[in-house]
Structure formats: C-alpha cells, structure tokens
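Student: Before we start, here is the structure in question, set down as structure tokens.
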Amino acid sequence: PGCTAFSLPGLSGPLGIPAGETRIIEVGFHPTESIVYECQLVMGGIVPDIILHGEGYDDAFEEASRLQREKGYTLVHAFNDDQVIAGQGTIGLELLEQVPEMDAVIVPVGGGGLISGIATAIKAKQPEVAIIGVESEHLPAMQRSVAAGAITPVEMDSSIADGIAVRRVGDRTLPIVS
C-alpha cells in the first residue's frame, strides 16, 4: 500500500523504508521550495510524493491520519512511536561515548520523542545525569502536560523553531518525560 510519514518532509528516508514497490507519501509543512531537493539528498535521489498541508505540524498530522484511514497507509509518527523513541536514544548513547562524565544534557522538546529517547538511554547508564528539556514559550505543550499530569494541548502559535512547534505531546512520550 504505502507509508505516510509526517513532519518536515524528507524524514522517512532515514527509516530505511524501501522505495521500489512501496509508495512513500510525506505530508508536512515546509517554509521553502527547497523540499524536493532536500528529499533527494536524504533519500538518495528518490523523491516521494509530497503533500504540503496546513500551517504547522498538527495540521500535517491530521492530513496524514486521514490518508492512513482512507488509503490504508502505514503511518510513521514523528515522535509518538516506540521505535522512533528508541532511535532517538542512540543520540544519548553517542553523547555518553563522547562525554562520559557529563553533568547535564539540554534537549529541545516538541512532542517529546527526542527527549524521551535521549533520557531513557542516558538514565539507564548514568542516572545522575540531569536531563533538561527546553521548549518554545509560545508552545509549552510538554510543560503544561507534565504540570497537569495529562496531555494538555496548547493553542497554535508561531515559532522560529518549527521542528518543536506542536500543540499536543504524545501519549507514549508524556509518561517518559514526567
């Protein structure tokens, strides 16, 4: 059938999804026309079908979910997925290799996948290391969700940090971050 990935288009290539018989559709938002070039670089010259949808990440997620329901595509979630979180954990392992005696790690936070993976890996090996999450004050979805003890969506606002600009954190990531 196909695979739908959403976020900044171009990010399904590193997942190793075969392009031959599999149709890759990327649903996302992107501020420039450079998206086709970026996809070619990331995916070794293969350009997936690209649908730019909405004003931000959450709009793109809604469209990707609609395509999943209507066409039966596999949806690869950008942060609320156990395998994606585990993959992000390799960054934590690399940090420990490069800086074995660290005191703290500062991690950007959007939906929580990156910090969940990094924190899980680092805390498993060095529980004394502080993990500090930083998010846009315009989109404090994780901060509010942790404080409330439940997913607490925030109103969409603009941010120069579009990779972490999400209204809603993940149900897989919130318990890890909390």
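None of the figures in this text is laboratory data; all of them are computed from the coordinates on show. Keep in mind it's a predicted model, so treat the numbers as computed, not measured. Glycine gets a Cβ as well: all are built from the backbone with ideal geometry, and neighbour counts include every protein chain shown.
Student: Using amide H atoms built 1.01 Å from N in the peptide plane, name the residues 5+ places from V107, or on other chains, whose amide H lies under 5 Å from its own.
Tutor: I132, G133, V134
Student: Return the FRET efficiency for the residue pair R69, E101: r is the Cβ-Cβ distance, R0 is 41 Å, and the value is rounded to the nearest 0.05.
Tutor: Efficiency, from the Cβ-Cβ distance: 0.25.
Student: When the gyration tensor of the stretch 56-119 is built from Cα positions, what are the square roots of 5 times its three eigenvalues, in whole Å, from largest to smallest?
Tutor: Semi-axes, largest first: 31, 12, 6 Å.
Student: What does the charge count near I122 come to, summing +1 for each Lys or Arg and -1 for each Asp or Glu among other residues with Cβ under 14 Å from its Cβ?
Tutor: Local charge sum for I122: -3.
Student: State, to one decimal in nm, how far the label point of I176 lies from the label point of E155, with both points 7 Å from Cα in the Cβ direction.
Tutor: Taking the simple label geometry, I176 and E155 are separated by 3.1 nm.
Student: Tell me, what are the semi-axes, in whole angstrom and largest first, of the equivalent ellipsoid of the stretch 85-178 as set by the roots of 5 times the Cα gyration tensor eigenvalues?
Tutor: Working from the Cα gyration tensor, I get semi-axes of 24, 13, 11 Å.
Student: Place the peptides 110-116, 120-126 in order of packing, highest mean first, counting for every residue the other Cβ atoms within 10 Å and averaging per peptide.
Tutor: Output ranking for 110-116, 120-126: 110-116, 120-126.
Student: Could you derive backbone 3J(HN,Hα) for the stretch 91-107 from the dihedral phi with the Karplus parameters 6.51, -1.76 and 1.60 (θ = phi - 60°), listing whole Hz in sequence and x where the residue is Gly or Pro?
Tutor: The phi angles translate into 5, x, 5, 5, 4, 5, 5, 7, 9, x, 10, 7, 9, 8, 10, 9, 10 Hz.
Student: Something else about it: Convert each backbone phi in the stretch 148-156 into a coupling constant with the Karplus relation 6.51 cos²θ - 1.76 cosθ + 1.60 (shift: θ = phi - 60°), then list the ³J(HN,Hα) values in order as whole Hz, x for Gly and Pro.
Tutor: Ordered by residue, 3J(HN,Hα) equals 7, x, 7, 4, 10, x, 10, 5, 5 Hz.
Student: Subtract the Cα-Cα distance of D81 and K123 from 0.36 nm times their separation in residues, and report this length gain in nm to one decimal.
Tutor: The span from D81 to K123 would gain 13.2 nm if fully extended.
Student: Please state, as a whole number in µm²/s, the translational diffusion coefficient that the Stokes-Einstein equation yields for the stretch 109-153 at 10 °C and 1.306 mPa s, with Rh defined as the Kirkwood radius across alpha carbon pairs.
Tutor: The Stokes-Einstein estimate is 140 µm²/s.
Student: Give the separation of the Cα centroids, the stretch 66-106 to the stretch 107-127, in Å.
Tutor: Using only Cα atoms to place each centre, the spacing works out to 9 Å.
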